[in-house]
Amino acid sequence: MSRENVLVSAEWAEKNLDTPGVVFVEVDEDTTAYDGGHIPGAVRIDWRTELQDPVRRDFVDRAGFEKLLSAKGIANDDTVVLYGGNNNWFAAYAYWYFRLYGHQNVKLLDGGRKKWELDGRPLTRDVVEREATTYQAKEQDASIRAFRDEVVEAIGAKNLVDVRSPDEFSGKLLAPAHLPQEQAQRAGHIPTAINVPWSKAANEDGTFKSDDELRAIYGDAGLDGSRPTIAYCRIGERSSHTWFVLHELLGHEDVKNYDGSWTEYGSLVGVPIEVGAGKES
Amino acid sequence: MSGCGAPEQSAALPAGVDPGREIVLTGKVLADGQPVGGAFVRLLDASGEFTAEVVSSPEGDFRFFAAPGSWTVRALHRSGRGETAVNAEGPGLHTLEVAVA
């Protein structure tokens, strides 16, 4: 996998705003950011209301994903360019989600909204309308999604990469530091997990670091490239960012995202939990 | 520079947040004394490690929830950058200003 296949630069994006077959999609943690100004022509996907089942804790099913993309005017052969705020956390989550349902031509805008804004590139409040399509999704690709039993079995056997901040890893905090901390589950991390915060992979402008830098970061942290890897965070969005780095940029073959992540694992009865900085740091 | 623990609320806290129990780092991004909206504000821990990032509101406001310790708040904007350090030992509202230039 080379980065040209999975990433586009802001410069490329600005030149291709009107290119037929290229659809820009904004996915933000703050779902109101789009209303304040978005990339011209971009549609919005609301990760909370449109990608999650409204009742069960799970994704929308295959039919639901087909309905969503059809309504957004996204066709199977479109090149989808995803971008968002917060260093592309939720755009990376959507990227992984698009891959999960088999969309082939999907890319991330390197640096997301942040780089776009820092560059002073155009944003608009214009309403975007795209003609509806008849989108057809594939069955979920189980090779990139991990569930809880597999995670418990992976302790000591596979690479477990906890991509949360050091204070969440050690158990001092239960959520990222820009979110309120009131939650019910236990704090800490999965035993044998290494802690490589997602942010290590990003430059300050939100773009990804170079392949050489990325290889050094995960190698130095003790990631064994010969073993399968499961990445997790709190709810699976930051670990999508790391999944993107390991699977799409560095080309590791067996990498799964555990979207249940700490909000599930830290609420399970009887599973082992480790607190403190862990043996790797 | 940073104030500490003053019970003044420059920006409303979300429902359910008790500043008597949590460490809340809140403040404004300023340029030439005027609030700067749309700045990327990141919280770095004592070792300089990235912890969280928010975008300042149109009034320049930002807010973080932190553990006890020493923190740096760094702002990045098209108009410039700047940072401010704070030592937050216990629960309460810590009010900061970050000037970008």
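The values are calculated or read from the model by the stated rules, or taken from the named source; none is laboratory data. These figures come from a predicted structure and were not determined experimentally. FYI the Cβ positions are ideal-geometry reconstructions off the backbone, even for glycines, and counts take in every protein chain you see. Heads up: the accessible areas ignore ligands, DNA and RNA and are worked out on the full protein's heavy atoms, side chains in. Shrake-Rupley method; radii C 1.70, N 1.55, O 1.52, S 1.80 Å.
Remarks
- Qualifying residue in the range A:236-259 (condition: outside any loop (DSSP other than H, G, I, E, B) and open to solvent by 10 Å² or more (accessible area, probe 1.4 Å)): yes
- Inter-residue pairs, beta-carbon under 7 Å, first at positive phi and in the range A:15-28, second outside any loop (DSSP other than H, G, I, E, B), 6+ apart: A:Gly21/A:Thr79
- The residue that is nearest to the other protein chains (Cβ to nearest Cβ), counting only those in the range A:181-196 that are at pLDDT below 85 and either closer than 22 Å to A:Pro272 by Cα or crowded, with 18+ Cβ neighbours inside 10 Å (or both), is A:Gln181.
- Within the range A:109-144, the residues that satisfy the criterion of being under 24 Å from A:Gly73 (Cα atoms) and aliphatic (A, V, I, L, M) are A:Leu109, A:Leu123, A:Val127, A:Val128, A:Ala132, A:Ala137.
- Filtered residue count, the range B:22-36, keeping only those that are part of a loop (DSSP other than H, G, I, E, B) and at the interface with chain A (Cβ under 10 Å from one of its Cβ atoms): 1
- Every test in (1) open to solvent by less than 40 Å² (accessible area, probe 1.4 Å); (2) under 17 Å from A:Ala94 (Cβ atoms) is passed by A:Arg48 save one, and that test is (1).
- Residues that are under 21 Å from B:Val55 (Cα atoms), outside the structural domain of A:Leu250 (by TED's automatic domain parsing), open to solvent by 10 Å² or more (accessible area, probe 1.4 Å) and of a type in the set (Ser, Thr, Tyr) do not occur anywhere in the range A:65-79.
- Of the candidates B:Glu49, B:Glu83, the single residue that is at negative phi and facing chain A (nearest Cβ under 10 Å) is B:Glu49.
- Candidate set from the range A:163-180 (those that are at pLDDT below 75 and open to solvent by 30 Å² or more (accessible area, probe 1.4 Å)); member that is nearest to the other protein chains (Cβ to nearest Cβ): A:Pro180
- Residues that are within 14 Å of chain B (Cβ to nearest Cβ), in a strand (DSSP E or B) and modelled with pLDDT of 95 or more do occur in the range A:197-218, at least one of them.
Residue-by-condition table, conditions (1) buried (at least 22 other Cβ atoms within 10 Å of the Cβ); (2) at pLDDT below 90:
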position	(1), (2)
B:Met1	no, yes
B:Ala6	no, yes
B:Ala31	no, no
B:Phe64	yes, no
B:Ala85	no, no
